[in-house]
1. Got a sec to turn the phi values of segment 10-23 into Karplus ³J(HN,Hα) couplings, 6.51 cos²θ - 1.76 cosθ + 1.60 with θ = phi - 60°, whole Hz, x for Gly and Pro?
2. Any idea how far apart GLU96 and GLU194 come out in nm if each label point goes 7 Å out from Cα toward Cβ?
3. By counting other Cβ atoms within 10 Å of each Cβ, how are GLU372, GLU79 ranked from fewest to most?
4. If you place +1 on the Cβ of every Lys and Arg and -1 on the Cβ of every Asp and Glu, how big does the dipole about the Cα centre of segment 116-224 come out, in debye to the nearest 20?
5. Which order results if MET1, MET12, MET356, MET362 are arranged by neighbouring Cβ count within 10 Å, fewest first?
6. Can you pull the one-decimal nm distance between simple spin-label points at SER340 and GLN105, each 7 Å off the Cα toward Cβ?
7. Only counting other Cβ atoms within 10 Å, I'd like HIS114, HIS219 sorted with the fewest neighbours first.
8. With r defined as the distance between the Cβ atoms of GLN355 and ASN153 and R0 fixed at 35 Å, what FRET efficiency is calculated, to the nearest 0.05?
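Please treat every number below as a calculation from the coordinates, not as lab data. What you see is a predicted model, and the numbers here were worked out from it, not measured in a lab. All Cβ positions, even for glycine, are placed from backbone atoms using ideal geometry, and neighbour counts span all protein chains on display.
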Amino acid sequence: MEVFHCYEFLLMRKFQEDSLLWNELKAETWVNLKTFLGAFQDRVLKTKVDGSDCVENDTDVSRYKKISADLWFLAVTLEKSPHRLLAFLNSELRQESEDVQIPGQTVLARYLSHYNFVEMHLDSIFKYGETATLPKELFRCRNVRVLSLNFNNLEWIPPDVGRLCCLERLSLTNNRLQNKSVPHTLTFCHHLKELYLDNNLLDALPGFLLDMPQLCTVHRHGNHNYFKATFMWYHTDVNDRVLHVLDEVQKRRKPTSSYNPDSLLFLSATALVSSNINFFEPGLLPNTLQEYVADMYPKFSICDNCHTAVPYSSSGYRVFTFKNPYLGNTCVPFQHWACSRSCAEAIEIPAHQEQMRAAERMDEEYDNYIREIQNEEISLPNRSFCTLL
Ligand SMILES: [Zn+2]
């Protein structure tokens with residue numbers, strides 16, 4: 001089972017930024033690396049045969065122990081995944097000797113495509129204060145089942161996450177995600193069972209999670225706006241839970257006489273997003289168009305009722321609903337976006353009715369519980385009386 005680790009990610013990113021280091025490792029250090037890996041292989045073999053460990057005195061290994069501290073990820077990769085790095089370097093050198101270069105492909109993309117990664121453990125890959133942008137190459141690994149991106153200061157997740165059709169577990173704890181930061185394309189991940197959103201900046205869960213019946217675990221503790229901002233809607237009626245959001249851009253925009261129509265490409269992307277079709281499905285769109293729609297995706301608000309996509313700044317309705325209980329959690333708030341008042345009511349009214357029914361069920365269970373306790377008390381000898389005696 002191939003696991004892509006954070007130190008490999010940092011190494012590939014470094015190679016991309018520092019071509020000098022990349023070329024040095026490929027060419028100048030090549031012979032030494034090969035020797036080192038040979039020694040490593042010998043050690044593995046020797047350990048297996050006689051249990052001895054001959055590697056401690058090896059000069060090549062001690063050479064690699066001198067790797068500077070800021071390249072710690074190179075040292076760790078050499079220690080933990082030397083064969084993977086060697087095989088990749090081999091393939092790179094072979095391609096260079098054959099003069100095969102695929103334009104536009106990054107070192108990271110080539111490394112990822114060289115292996116069949118099924119897990120990605122990428123916690124803490126961004127330092128505090130660094131712009132945390134996830135490279136799209138990560139989402140090209142279609143067989144990934146586990147993706148962990150904890151402690152990364154992420155403010156948004158690229159829509160490309162919807163490409164991960166085998167994804168079963170997604171961990172996004174300790175980031176800076178808000179409601180709009182989690183893209184609707186997550187609904188394309190039909191195998192997603194576990195989602196971890198603890199310690200972010202959410203004031204409710206994204207409403208589209210309710211359209212993902214396969215989800216069986218959703219964690220959302222430690223979101224700082226959670227209670228104070230959202231639970232005040234718990235006891236309100238439909239008029240208060242459906243909030244009309246005005247078009248901010250329209251309000252500021254000065255009237256203009258110039259006619260500026262949308263391009264056919266943009267209109268096609270709008271229609272495609274509104275259709276709720278998984279546009280990442282292989283063979284559906286040419287790659288460039290697929291990338292265009294993915295790039296445009298965050299610019300839309302999508303109605304949770306009819307899926308109509310409109311530009312992000314357009315007026316619409318924000319709707320709060322409550323699910324009680326939800327996947328082992330007690331009462332959980334959800335935030336939806338609706339394109340019209342009727343769509344907002346189509347989301348809110350059934351959810352409200354269900355919330356009331358759930359509350360009645362819970363009251364009933366509580367009453368039954370109290371009644372049982374009281375009956376037990378009555379059937380027992382009067383303990384308080386005995387104690388008094
Ligand atoms: Zn709608």
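1. 5, 5, 5, 5, 5, 4, 5, 7, 10, 5, 4, 4, 4, 5
2. About 4.1 nm, to one decimal.
3. GLU372, GLU79
4. Using Cβ point charges on Lys, Arg, Asp and Glu, segment 116-224 gives about 180 debye.
5. The order, fewest Cβ neighbours first, is MET1, MET356, MET362, MET12.
6. Taking the two extended label points, one gets 4.9 nm.
7. On the way: HIS114 14, HIS219 17.
With the sparsest Cβ surroundings first, the list reads HIS114, HIS219.
8. Numbers: r = 35 Å, r/R0 = 0.99.
For R0 = 35 Å, the calculated efficiency reads 0.50.
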